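All remarks here apply to the structure that follows.
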Amino acid sequence: MSENKTILSLMQPSGDASLGNYLGALKNWQKLAKEYNCIYAIADLHTLTVRQEPAEKRRRSREILALFLAMGLNERDNIVFVQSHVAAHAELAWVLNCYTYMGELNRMTQFKDKSARHADNINAGLFTYPCLMAADILLYQADLVPVGEDQRQHLEITRDIAERFNNIYGNTFTVPEAYIGKTGARVMGLQEPERKMSKSESANANNIILLNDDLNQIANKIKRAVTDSDNVVKAGPEKPGITNLLNIYCAVSGKTIEEAEMEFAGVGYGAFKGAVAEAVCEELRPVKDEYERVLKDKGYIESVIKDGAEKASRIAYRTLSKVYKKVGLLPRG
Ligand code: AQP
């Protein structure tokens, strides 16, 4: 790895990738590849906290990996791997469990949210999830982690655990910083624009744009998006549907909200939605073409998975051996 800082980005195969994942994460990650040592992982162990059809999970893991590759987040310039293929994640997570307090985990809002949503399956993994996430980050001595507002708390706890460990045993982990992208587009649901578009919550298919949707479906979903009855294309807290569409339009066109509002001044919602649909489809067309091409190349995907596991394991086990030695475990020989 070069002297550049290391940046670690994870995506869970908890659902099919959405326009939110694309605009809020993948598109930004693409820009980081030149400046940083980038490590991209499919966070499949994390998805075990919520029940899912096993075959679906395997399909999604491959598809999200293919999406990374299609977007140029490739194995030549970066490390791309599947979390469960590097056993050091689970091993370090156990150690970190023993250096994390119940009080800290109790404060995690994601635990509270997910337990409320999955009241029939409040498992221990859901509670100790931040220790696994800390392991993901600390194993690679990541300097930076791109985080959205909802993930900040997890990065904070990772920093606390790393500092605690370093204070007891001497410098072991790099204490990571949050990387805040310039345009952290937050895409909201098309039918519920007050809530984030989330890939694991696709009960209403019209609420979410999936990268697996065809371009006609995508355009139709945008045309059916919930708005209001003003017929004025302007962003504002009282107009969440239009604001969301404007944000999406700006994220794909590179325009500012003011520029977009001027462009659509006096234009009705029908024409505005048509323009947003066209811009999104134009943006996604080449990505989807390349994604479909990569997805068919099973041999390539398998080779990336294998190579990624080897490269990631080498770094991860270096950190894990250091940790095991410091906490007093016998060396493996
Ligand atoms: N709606 C969104 N707008 C902007 N960014 C988003 N991300 C997700 N949804 C949006 C970003 O995608 C990256 C990968 O996310 P993740 O898979 O680790 O989990 P997540 O943040 O919890 O994403 P989802 O889609 O909402 O998944 P589920 O439904 O499983 O919780 C992250 O960088 C995230 O910010």
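Each value in this text was obtained by applying a stated rule to the coordinates, not by laboratory testing. Small disclaimer: the values here were computed from a predicted structure and weren't measured. Cβ sites come from the backbone with ideal geometry, for glycine too, and all protein chains shown count toward neighbours.
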Candidate lysines - alpha carbon under 28 Å from Lys239, same-chain residues fewer than 8 apart omitted: Lys27, Lys114, Lys182, Lys196, Lys199, Lys221, Lys223, Lys255, Lys273
For the chain, calculated [θ]222 nm from helices alone, where every DSSP H run of n ≥ 4 adds -39500 (n - 2.57): -16500 deg cm²/dmol
Whole-angstrom gap from segment 41-81 to segment 118-170, using each part's C-alpha centre: 20 Å
Distant-in-sequence amide H partners of Lys5 (H built 1.01 Å from N, under 5 Å): Asn37
Long-range HN-HN contacts of Val82 with modeled amide H, under 5 Å: Ile42, Ala309
Cα centroid separation, segment 11-38 to segment 210-285 (Å): 21 Å
Peptides ranked, highest mean first, by Cβ atoms within 10 Å: ranges 131-141, 312-322: 131-141, 312-322
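Would you work out the relative contact order for the chain, in percent, from Cα pairs under 8 angstrom that are 6 or more residues apart? Present the calculation step by step, with values, prior to reporting the outcome.
Values: 490 pairs, mean separation 71.7, N = 333.
Contact order relative to length: 22 percent.
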Leading residue at positive end of dipole, the chain (Cβ point charges), from Gly266, Asn247, Asn28: Asn28
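Can you give the % of DSSP beta bridges in the chain that are antiparallel, to the nearest 5? Kindly include the intermediate steps, with their values, before the conclusion.
Values: 2 of 16 bridges.
The antiparallel proportion sits near 10 percent.
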Cβ-based charge dipole, segment 166-265, positive-most Cα from Ala235, Ala203, Asn220: Ala203
Under Karplus coefficients 6.51, -1.76 and 1.60, residue-wise ³J(HN,Hα) of segment 228-242 in Hz, glycine/proline x: 9, 9, 5, 6, 10, 7, 8, 7, x, x, 7, 10, x, x, 5
For Phe264, distant residues with modelled amide H under 5 Å away: none
Neighbour-limited loop hits for trypsin sites (Lys or Arg not before Pro), segment 193-230 (at most 14 other Cβ within 10 Å; DSSP other than H, G, I, E, B): Arg195, Arg224
Karplus (6.51, -1.76, 1.60) ³J(HN,Hα), θ = phi - 60°, over segment 21-30, in Hz, Gly and Pro reported as x: 4, 5, 6, x, 10, 3, 5, 6, 4, 3
Net charge dipole size for segment 148-262 [Lys, Arg +1 and Asp, Glu -1 on Cβ; Debye, nearest 20]: 200 debye
Residue-wise HN-Hα coupling along segment 289-299, computed from phi with Karplus coefficients 6.51, -1.76, 1.60 (Hz; x: Gly, Pro): 4, 5, 4, 5, 5, 5, 4, 6, 8, 4, x
